[in-house]
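Remarks on the structure that follows.
The values are calculated or read from the model by the stated rules, or taken from the named source; none is laboratory data. Predicted, not measured: the structure shown is a model, and the values here were computed from it. Neighbour counts run over all protein chains shown; Cβ positions are idealised from the backbone, glycine included.
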Amino acid sequence: MTTRQTTSPTTSRNLPARTGVLVVGAGEAGVRVAASLRELGYDRPILLLGEEPHRPYQRPPLSKTFLDGTADHDALALRTPEFYAEAAIDLRTGRMVTHVDLDGSGAGAAHCEDGDAVAFDHLVLATGARARTLPVAGADLTGVCTLRSLQDAEALRERLASAGRVVVLGAGYIGLEAAAVTSARGLDTTVVERADRLLSRVSAAPLSEFLLARHREWGVDFRLGTEVEAVVGDGGRARGVRLGGGQVVPADLVVVGVGAVPETALAEKLGLRVQRGIAVDAAGRTSHPMVFAAGDCTVRPHPHLPGELLGVESVQNANEQARAVAASIAGVTPPAPPVPWFWSDQRDLKLQIAGISGGHDRYVIRGHPGDGDVSVLYYRAGALIASESVNRPKDFMAVKRALGKGATIPPRAAADAATPLKDLILEPA
Ligand SMILES: Cc1cc2nc3c(=O)[nH]c(=O)nc-3n(C[C@H](O)[C@H](O)[C@H](O)COP(=O)(O)OP(=O)(O)OC[C@H]3O[C@@H](n4cnc5c(N)ncnc54)[C@H](O)[C@@H]3O)c2cc1C
């Protein structure tokens with residue numbers, strides 16, 4: 001990596017007049033774009049503008065170790081403060097870009113909320129996503145919390161200290177992780193989910209059932225197939241959640257975990273193609289070939305469903321897309337995309353996902369749900385495309401390796417949990 005001394009990230013308020021690369025959004029993807037550019041030898045100025053007041057941090061612990069109090073602020077940092085100085089990455093926090101002017105070559109100028117502006121040669125949008133809010137009455141009451149930012153997590157952690165009854169809205173990863181933390185603290189926890197099972201958008205039914213059983217053992221109450229009508233309260237504070245049938249579940253804390261909405265405002269103003277997220281190709285190019293985007297703000301070609309676009313909200317995806325963007329700007333061939341992977345921690349359950357299961361036409365169960373571990377392997381047209389494993393890390397590793405080589409694992413053999421999956425991998429012909 002090129003090392004040069006530069007001004008300390010936040011000492012100077014004024015933006016430079018011009019930069020080589022402007023990265024909007026100082027999260028996982030934005031920081032990785034900047035770091036990879038330096039690793040590739042890019043030697044022009046790099047400016048990283050982030051709206052949040054904090055130095056770039058990791059979000060996964062916010063619903064896990066930070067929320068349960070076993071990790072503190074220091075453990076969240078994505079990079080040390082010295083990193084930005086040594087890599088000559090000009091990081092400015094607390095700076096929101098409100099609009100961008102662009103010319104045909106992809107160069108232009110970005111304008112911040114405070115009126116300051118900077119000209120750039122290349123623009124990268126790494127604006128992430130925002131927590132989806134609940135369009136029901138009472139969603140603005142005190143005690144109703146989303147969980148996307150460090151600020152959200154700090155507020156939630158503080159409220160947990162005095163909460164008695166918690167209602168979690170949404171049985172996706174973040175909702176389930178939050179419920180795992182609150183139930184472990186002995187708080188009366190209810191999860192309300194519109195679909196009739198957990199993780200319904202991403203997981204096969206047996207995995208949903210497995211997780212449901214474990215959370216129930218921990219004392220979590222589930223209301224599945226249930227709509228939320230309103231958050232009810234008095235004196236401006238949440239006191240409960242009214243369900244579709246009229247029943248009110250008492251709560252002094254309501255955690256809203258109903259997904260995230262890609263932040264596409266700048267892209268839309270620029271007239272870029274946006275379809276739930278900013279559409280990008282494998283090289284991270286938007287519909288303007290010289291404007292790039294990476295991370296949760298994007299959608300990319302679906303690996304199994306031709307013509308469809310897919311948004312992948314994961315640390316690994318943010319980093320992988322960011323590396324592709326950096327390579328494109330530096331003029332080198334982007335690396336071949338690695339196998340997508342993801343994880344979720346819920347008390348003693350470690351969920352690990354390899355590949356993208358969307359588009360599967362068959363799945364195979366492997367393992368011993370009664371003993372606390374299970375894997376689901378997903379297939380399309382007979383070929384392995386993904387797996388989800390709970391407490392079966394060897395299955396996860398084997399599938400990841402197989403997918404990385406374009407290999408498969410015959411479904412019938414895969415169901416035999418006594419045979420290690422690594423011994424069943426069929427190399428491509
Ligand atoms: C609670 C939680 C738990 C998670 N757990 C996991 C997990 O276990 N495993 C996993 O793989 N992934 C997990 N994720 C997802 C993962 O954290 C994200 O996929 C990843 O952070 C995406 O990085 P990003 O850089 O695209 O977006 P972000 O991290 O959202 O960063 C985008 C940044 O851009 C800023 N920004 C937006 N607009 C502007 C603007 N106009 N001007 C300036 N700045 C702007 C935002 O404020 C934000 O700071 C979790 C996410 C959350 C919220």
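Listed conditions (1) near the ligand (Cβ under 10 Å from one of its atoms); (2) farther than 26 Å from residue 299 by Cβ; (3) assigned by TED's automatic domain parsing to the domain that holds residue 250 are all met by residue 167, apart from (1). Only a single item in (1) within 9 Å of the ligand (Cβ to nearest atom); (2) surrounded by fewer than 23 Cβ atoms within 10 Å (Cβ to Cβ); (3) not basic (Lys, Arg) is not met by residue 43, and it is number (1).
Would you point out which residue out of 271, 295, 331 is near the ligand (Cβ under 10 Å from one of its atoms) and of a type outside the set (A, V, I, L, M)?
None of the others qualify; the one that does is 295.
Would you check if there is a residue in the stretch 82-90 being part of a helix (DSSP H, G or I), among the aromatic types (Phe, Trp, Tyr) and touching a residue at least 60 places away in the same chain (Cβ under 8 Å)? Yes, some residue in the stretch 82-90 is part of a helix (DSSP H, G or I), among the aromatic types (Phe, Trp, Tyr) and touching a residue at least 60 places away in the same chain (Cβ under 8 Å). Residues of the stretch 19-42 that are among the acidic types (Asp, Glu) and under 22 Å from the mean Cα position of the chain (by Cα): 28 alone. Consider the stretch 298-328 and keep the residues that are among the aliphatic types (A, V, I, L, M) and more than 15 Å from the ligand (Cβ to nearest atom). The one that is farthest from residue 202 (Cα to Cα) is 327.
Selection within the stretch 64-80: residues that are assigned to a helix (DSSP H, G or I) and touching a strand residue (DSSP E or B) at 6+ places or on another chain (Cβ under 9 Å). The member of this set that is surrounded by the most Cβ atoms within 10 Å (Cβ to Cβ) is 76. Scan the stretch 250-265 for residues that are near the ligand (Cβ under 9 Å from one of its atoms) and of a type in the set (A, V, I, L, M) and the total you get is 2. Among the residues making up the stretch 163-185, those that are out of contact with any helix residue (DSSP H, G or I) (no Cβ under 9 Å at 6 or more places or on another chain) and more than 14 Å from residue 67 (Cα to Cα) are 164, 165, 167, 172. Exactly one residue out of 295, 277, 233 is buried (at least 19 other Cβ atoms within 10 Å of the Cβ) and in contact with a Pro (Cβ under 6 Å, 6 or more places away or on another chain): that is 277. The residue pairs whose first member lies in the stretch 138-154 and is over 12 Å from residue 66 (Cα atoms), whose second member is of a type in the set (A, V, I, L, M, F, W, C) and near the ligand (Cβ under 9 Å from one of its atoms), and whose beta carbons are closer than 7 Å, counting only pairs six or more residues apart or on different chains, are 146/131; 148/131; 148/260.
Tell me, yes or no, whether the stretch 389-408 has at least one residue that is within 16 Å of the ligand (Cβ to nearest atom), under 24 Å from residue 272 (Cα atoms) and assigned to a loop (DSSP other than H, G, I, E, B). Walk me through how you get there before you give the answer.
Start the filter on the stretch 389-408 by keeping residues that are within 16 Å of the ligand (Cβ to nearest atom), which leaves 389-391, 393, 396, 400.
Cutting the leftovers down to under 24 Å from residue 272 (Cα atoms) gives us none.
Checking the stretch 389-408: not a single residue is within 16 Å of the ligand (Cβ to nearest atom), under 24 Å from residue 272 (Cα atoms) and assigned to a loop (DSSP other than H, G, I, E, B).
Looking at the stretch 273-387, the strands (runs of 3 or more DSSP E) lying wholly inside it that each contain 3 or more residues that are at pLDDT 95 or above and farther than 29 Å from residue 101 by Cβ sit at 341-346, 349-355, 362-368, 373-380. Kindly establish whether residue 270 is at pLDDT 95 or above, in contact with a His (Cβ under 8 Å, 6 or more places away or on another chain) and of a type in the set (A, V, I, L, M). Against the criterion (at pLDDT 95 or above, in contact with a His (Cβ under 8 Å, 6 or more places away or on another chain) and of a type in the set (A, V, I, L, M)), residue 270 qualifies.
If I filter the stretch 101-115 down to residues being near the ligand (Cβ under 9 Å from one of its atoms) and assigned to a strand (DSSP E or B), which single residue comes out as surrounded by the most Cβ atoms within 10 Å (Cβ to Cβ)? This residue is 110.
Determine which member of the set 139, 213, 184 is more than 13 Å from the ligand (Cβ to nearest atom) and touching a Ser or Thr at 6+ places or on another chain (Cβ under 9 Å).
139
Inspection of the stretch 356-367 finds no residue satisfying the criterion of being under 30 Å from residue 220 (Cβ atoms), over 27 Å from the mean Cα position of the chain (by Cα), surrounded by fewer than 15 Cβ atoms within 10 Å (Cβ to Cβ) and touching a residue at least 12 places away in the same chain (Cβ under 8 Å).
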